[in-house]
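Scroll down for the structure; my scribbles are underneath it.
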C-alpha cells in the first residue's frame, strides 16, 4: 500500500539575529561606504546621461520640425519673390509702353500744333470760293488738297448756274483772291427740261506762308 504525504515539508526560515546586527561596528560600515557611494554616483551619472540623451533627442526632433517649417516658409517666400519679379517685369513693361505712348503723343502733338496753322486756310477755302457764287446756282463738286512740302493749296471747284452775269462777276472776284491766277472754264449745257445753264470749273493753286494764304 502506497502512502502519500500531502503535507508540505516544513521550511526552515532564517532567523534574523538582531543581536548580531547590533554588534556591527561603525568602522566596518564606514569601510564599506565608499564602494556604495561610488556605485550610487555611477548610477546617478548613468541616469543623467539617459536624461541628457532624451533631452537631446527631443531638441533634435524640435529642431527638425522647426527646420521643416522654415523650409516651407522659404519655399513660400521664393514663390512670392518669383511672382513679385514677374509682376515687376510686367509693370516695367507697361511703364515702357506708356512712355512710348507718351512720346508718340508728344510727337503727334507737335505735328498737330505744326498743322494747326494750316487748318484755317484749308478749311476756310470752301467758304471763300462758295460764298461768291451766284444766288441761283448749285454745286457739282468741290475738292482741295494741301501739299506740305511745296506749301501750296490746290482747289478744284465746279458749280452750275443759269446766271451768266453772276458767273462772270464770280470769275472777277475769284481772280483777286490769290496772287497766282487760277483758271475758270465755262461750258453751256442744256438740261432735260430744255433749260440752258452754265457749268463753271475753277482750278486754283495758292501758295502758303507759315500756314497762311498769300
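Ordered by the number of other Cβ atoms lying within 10 Å of each residue's own Cβ, fewest first, 153, 47 fall into the sequence 47, 153.
Listing 125, 62 from fewest to most neighbouring C-beta atoms within 10 Å gives 62, 125.
Every number in this text was worked out from the coordinates using simple rules, so none of it is lab data. Note that the coordinates shown come from a computational prediction; the quantities given were computed from them, not determined experimentally. FYI the Cβ positions are ideal-geometry reconstructions off the backbone, even for glycines, and counts take in every protein chain you see.
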